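A.B. asks: After the structure tokens below, expect a handful of questions from me.
We did not get these values from a lab; they are worked out from the coordinates using the rules stated. No experiment lies behind these values; they were computed from the predicted model shown. All Cβ positions, even for glycine, are placed from backbone atoms using ideal geometry, and neighbour counts span all protein chains on display.
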Amino acid sequence: MSHPASVQAVHAAQTVHSLWTSVAAEAPRKIPGPHIEYAQLSPTLIVLGAAVLGVLVEAFLPRRARHISQVVLAVVGLAASFAAVVALAADGYATDKAHIAAMGALAVDGPALFLQGVIILVSLVAVFTFAERRLDPAAHGRPVDSFVAEGAAVPGGDAERRAVKAGLTTTEVFPVLLFAVAGMLVFPAANDLLTLFVALEVFSLPLYVLCGLARRQRLLSQEAAVKYFLLGAFSSAFLLFGIALLYGYAGTVTYAGIAEVVGGTTPTVDPALASTMGNDVLLLTGGAMVLMGLLFKVGAVPFHMWTPDVYQGAPTPVTGFMAAATKVAAFGALLRLLYVVLPGMRWDWRPVMWGVAIVTMLIGAVVAVTQTDVKRLLAYSSIAHAGFILAGVIAVTPDGVSSVLFYLAAYSFVTLGAFAVVTLVRDAGGEATHLSKWAGLGRRSPLVAAVFAVFLLAFAGIPLTSGFAGKFAVFKAAAQGGAAPLVVVGVLASAIAAFFYIRVIVLMFFSEPKAEGPTVAVPSPLTSTAIAIGVAVTVVLGVAPQYFLDLAGQAGTFVR
Amino acid sequence: MENLIGLLVLVPLLGAGVLLCGGRRLDRSGPWVGTGLAAVSFVLGVWLFADMLGRKGDNRALDVTVFSWVPVGGFRADVGFHLDQLSMTFVLLITGVGSLIHLYSVGYMAHDERPRRFFGYLNLFLAAMLLLVLADNYLLLYAGWEGVGLASYLLIGFWQHKPSAATAAKKAFLVNRVGDMGLSIAIMVMFTTFGTFSFAPVLAHADQAGEGKLTAIGLLLLLGACGKSAQVPLQSWLGDAMEGPTPVSALIHAATMVTAGVYLITRSSAIFNGAPDAQTAVVTVGAVTLLFGAIVGCAKDDIKKALAGSTMSQIGYMILAAGLGPVGYVFAIMHLVTHGFFKAGLFLGAGSVMHGMNDEVDMRRYGGLRSYMPVTFWTFGLGYLAIIGFPGLSGFFSKDKIIEAAFAKGGTEGWILGAAALLGAAITAYYMTRVMLLTFFGEKRWQPTVSDSGSAAEDGNLPHPHESPKTMTIPMILLAVGSVFAGGLFSINSAFLKWLEPVTGHAEGHSPVGAGQVTAATMVVLVIGAAVAWQQYGRSPVPVTAPRGTLLTRAARRDLLQDDFNHVVLVRGGEHLTRSLVYVDHKLVDGVVNGTAASVGGLSGRMRRLQNGFARSYAVSMFGGAAVLIAATLLMRAV
């Protein structure tokens, strides 16, 4: 009996052995690790690293040391990241060495580097306004900034009172800002739809949080944050569903892959998708939904409704950052999507985008006419500007890309500067944003009023400001790209827009100051620097735009 | 050599800059600085002239491009100079007579409060005028043209504390603007026709443009010339411009500004040669103006205004000659030069008389001055003989040739033009004799002047005429020498004709009347004119207050109703036009603008209500938007 058993045991051992040996024979099969070009992704990685360090600072440094360390960390991180961008561009990654990195997830090319550079610089300036601590009167002897003492405390409750008394400040805003910046850096470089979606969420979630952190008028701020979150989630759902439909259509989520299918060269058909692949209804519906998700972020009509409420409720430095940097990132992603993925179906999306651009320009300009709050006014102005930029996007020419790049660079600094000025004009209740309070500001504080006038003139597109150069470039590209009627509408909308910009100037300089008008706070060098940079960029890009136009022109080619 | 041409313009321009910006330190030395720089430019001119004489006929022109001024695409404007015999003539006249007038002004303006500024303006004027005649393209010429207009405005209104002077300056400026528009449009038409506005290519290719284009350009150039040269119908500013200091009158009305129109037409000869209609317009303007100015000159009692009428008339002669084409160009310029001498001399003489007579200008209050101011009398007298064309003096040679050329035009036209020129000569003799007799002969009709405080002193303020200082008499003597000999020198061996012919071209006319007969006729009308004047003002006493006079006299005193005409037609018409435009602006334009604004505002108010603050409404709007977006995209494909 033992024999068979022993035979069996031997047999089993042999089987095991053969299994081992056969596995050993088939090996060495390794799981392939993804190939990541770390150096080329360094701008994003540096910012992410700085953000993580910022979280550690919050955890380990004593409260007193946090503010200064966070500011230094953010500034150094962003500066290093900008240096990395410049190094990459100098190395030729913007032009002839442009390619797709990280296994097809991210593009390293001219538009991506240009927009990343702009986003980083804008964020750097935004950090200055975030760090400003001289505008609000000190609470219990401690300097405070625009942000709430303790975000989780109920407005007006005991917890809040204790937090204020204890002199707490929300220094977490800096790492949160850096996370948002990291997402924004990925967004215009994203080369597949999933990366696009992840990047969108990475920069949106921190923004929702930042919006709810205002020190004054906390309920308004929290309402803004909730609205932004709800509507943002709603639009993300559309985006995600659009991505799903596009995957169903193309069997892939990479831009190049989808573009190939759109172009008619279908590679191998995935059997699971055989019934849907190449179905144009999926392509059109999915494309429209993805577009909608991006149009929400740029604030185009009819997906703009969140903009005024959120701009008004968010702490003003956050509004400035959001208005400037988000727009740059979102337009970058939109450009890449339309120029790389969907050029083959431009006859489908162009008429639709025409309509969106026209209503965006007109509604933004018209509704701004009756606004009475500076921040809401600037919000509608940003909607109108989104329309102007869309006109350049629609051009579908290399000039269109470069003009949009230039416009974004010019516009973001003007916006940031304008919102920085808004933080300076204050009365007992904090920032005095009602326009009636700005009457006669030019008599009381000629310098501040003059600086704001420069920004307004740039918004209006008056020559010798960056606004004129940008608008001219965009309209020229649009006209050459066959969208002349769009330019006519754009010019009409600009005329309407000029009215409300100039009206503020008239109000500031030609009205009698009110007796109990607001005062202009004297800022620390931080905000002053931010405003000075804004003015300098506005004037330089207005007086001598050619160098920067050339730069944008060189960076105007997408890698496919 | 070429570099000196730029220097020619730069020196007086530098003077203007230094004097106008130099501040009080230059108050005392200013007049001499200005005069010195004018003299320097004259010396430069003479140097260039000597150099030019050293070269042969066709090689005499010098061209130099200093820098590219406005290079925009196909549009190219350079700052470049062209110095040929024509511009050389002007350079010598402008700097020579200009320097003498500077020198004279040192004495004349000695008691003024702001001599530094005055000399700064004079230098500016010289620089602009030199730029005008030296430019090698029409655009740069236009720059000089405008510069002259500016400088003349500043100089005519130099005593701007007098309302009359300020008004006169404004009037001169406005009337000149009309002419300037003509010139600027002419330059634009030129650019569209030839693609350039440099003299050389434009004039070389003039015959390739159609006659219609050439006529249009010619008429527009004529309009410009009328403005600067005070020709009918843009003549009205000249008489009022006498409000400026007398040296200004001499500089503007004798040597420089008013001759710019003649220069322009002569320079553009190729254009006019190809446009007979434009030429007819030119001779018509010239003939009408020479009679117009002469008649006005007869009736004026103000010595400077009488001379102003005379200037208008003499420029009329030049324009007439220039309109005759190659027959007349050379004589137009020759008369221009001789006129530069004697008219400058006459104006400076008039200034000298006024200087001695407490700034009195009414000739009826002069009389018997010849023994009190001998130098002024003799120099003025020689200028007088020259202008009426007394045989052997400058005016005789040049004017005689113009009358001859007018007859040579041929046909009825020739007879009409010749007759007008002859009649003009008769009237010239009349009014100049009148001026001479009223001023220097007869009994003294001096009146006490009203002092500044407004009280007429009994006799304490009676003028004490005296000879002027040396700085004033020396220029007068030099100009008198020119008035006597210039014409004769030019005519020896047809020297001037040969000098200028390579530039302007020349053709001998075929006069139906012999040269001798023309000269004889001129002499006869000259004697008649002078005799009538002597009959009226020499033999019978002259009343101090002017008699009422005939209808024509009264009209001539009012400048032949030119201002009334301008007032009724242009001012009233303009007022009506502007009023109706304002009405249209208020009702129609403002209505549309305000209506648009109101409707935008209303729309805005209604649309902002959509922004109701509820996230749910926003979400609905987004959903609807997405639905529309998808539907539209699908629809596009379906279509």
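A.B. asks: Inverting the mean 1/r over all pairs of different Cα atoms, compute the Kirkwood radius of the protein assembly as shown and quote it in Å.
C.D. replies: For the protein assembly as shown, inverting the mean 1/r across all distinct Cα pairs yields 36.8 Å.
A.B. asks: Beyond 36 Å, what share of the Cα-Cα pairs of chain B is found? Please give it as a whole percent.
C.D. replies: 42 percent
A.B. asks: Please report how far the C-alpha centroid of segment B:164-202 lies from that of segment B:115-129, rounded to the nearest whole angstrom.
C.D. replies: Taking the Cα centre of each part, segment B:164-202 and segment B:115-129 sit 22 Å apart.
A.B. asks: Give the lysines reachable from residue B:399 as a straight Cα distance under 16 Å; neighbours fewer than 8 places away on the same chain don't count.
C.D. replies: Within reach: B:343, B:409.
A.B. asks: Let me ask something else about it. Can you give the mean number of other chain Cβ atoms that lie within 10 Å of the Cβ atoms in peptide A:281-288?
C.D. replies: 4
A.B. asks: Another question about this same structure. Hey, which lysines would be in cross-link range of residue B:56, C-alpha to C-alpha under 27 Å, not counting anything within fewer than 8 residues on its own chain?
C.D. replies: B:401, B:498
A.B. asks: To the nearest 500 deg cm²/dmol, what mean residue ellipticity at 222 nm is calculated for the protein assembly as shown from DSSP H runs of n ≥ 4 alone, each contributing -39,500 (n - 2.57), summed and divided by the residues?
C.D. replies: Calculated mean residue ellipticity at 222 nm is -22500 deg cm²/dmol.
A.B. asks: Using a Förster radius of 56 Å, what is the FRET efficiency between residue B:638 and residue B:577 based on their Cβ-Cβ separation? Nearest 0.05, please.
C.D. replies: 0.45
A.B. asks: Summarise the partner chain shielding of A:354-360 as one whole number: the mean count of Cβ atoms from other chains within 10 Å of each residue's Cβ.
C.D. replies: Mean partner shielding for this stretch: 1.
A.B. asks: Roughly how far apart, in whole Å, are the Cα centres of segment B:317-362 and segment A:425-443?
C.D. replies: 70 Å
A.B. asks: Oh, and also: Would you mind listing how long segment B:92-193 runs along its three principal axes, going by Cα atoms, in whole Å with the largest first?
C.D. replies: 53, 33, 16
A.B. asks: Continuing with the same structure: What is the P(r) of segment B:265-310, as percent of Cα-Cα pairs per 10 Å bin from 0?
C.D. replies: 27, 32, 24, 16, 1
A.B. asks: I'd like the orientation of helix B:303-323 relative to chain B: the angle between its Cα long axis and the longest Cα principal axis, in ° from 0 to 90, rounded to 10.
C.D. replies: Roughly 70 degrees between the two axes.
A.B. asks: Looking only at other chains, what is the average number of their beta-carbon atoms within 10 angstrom of each beta-carbon in B:614-624?
C.D. replies: Mean shielding count: 5.
A.B. asks: Can you give the log10 of the normalised intensity I(q)/I(0) at q = 0.21, 0.23 Å⁻¹, computed with Debye over equal Cα scatterers of segment B:206-335?
C.D. replies: -1.10, -1.26
A.B. asks: Continuing with this model, one more query. Give me the mean projected area, in nm² to one decimal, of the convex hull enclosing the Cα positions of segment A:324-365.
C.D. replies: One quarter of the hull surface, i.e. the mean projection, equals 3.3 nm².
A.B. asks: Under 18 Å Cα-Cα from residue A:30, which aspartates and glutamates qualify once same-chain neighbours fewer than 8 residues away are excluded?
C.D. replies: none
A.B. asks: Please sort B:404-410, B:574-580, B:74-80 by packing, taking for each peptide the average over its residues of neighbouring beta carbons within 10 angstrom, highest first.
C.D. replies: So the peptides B:404-410, B:574-580, B:74-80, ranked by packing, come out B:404-410, B:74-80, B:574-580.
A.B. asks: What ratio of Cα Rg to 2.2 N^0.38 Å holds for segment B:56-139?
C.D. replies: Its radius of gyration relative to the 2.2 N^0.38 Å reference: 1.43.
A.B. asks: Once Rh for chain A is found with the Kirkwood sum over Cα pairs, what is the Stokes-Einstein diffusion coefficient at 25 °C and 0.890 mPa s, in µm²/s?
C.D. replies: Result for D is 99 µm²/s.
A.B. asks: Same structure, new question: Mind pulling the angle between the C-alpha long axis of helix A:525-543 and the longest principal axis of chain A? Nearest 10 degrees, somewhere in 0 to 90.
C.D. replies: Here the helix axis deviates by roughly 90 degrees.
A.B. asks: If I fit a long axis through the Cα atoms of helix A:218-250 and take the longest principal axis of the Cα atoms of chain A, what angle between them do I get, 0 to 90°, rounded to 10?
C.D. replies: Roughly 40 degrees, rounded to the nearest 10.
A.B. asks: What's the center-to-center distance, using Cα atoms, between segment B:280-313 and segment A:505-552 in Å?
C.D. replies: With segment B:280-313 and segment A:505-552 each reduced to a Cα centre, they are spaced 63 Å.
A.B. asks: How high is the FRET efficiency from residue B:162 to residue A:524, r the C-beta distance, R0 60 Å, rounded to 0.05?
C.D. replies: 0.50
A.B. asks: Can you classify segment A:468-560 as rounded, prolate or oblate using the Cα gyration tensor, where a ≥ b ≥ c are the square roots of its eigenvalues, rounded means a/c under 1.5, and otherwise it's prolate if a/b beats b/c and oblate if not?
C.D. replies: The shape class here is oblate.
A.B. asks: Describe numerically, in nm with one decimal, the distance between label points set 7 Å from Cα along Cα→Cβ at residue A:499 and at residue B:419.
C.D. replies: Here the modelled spin labels are 6.9 nm apart.
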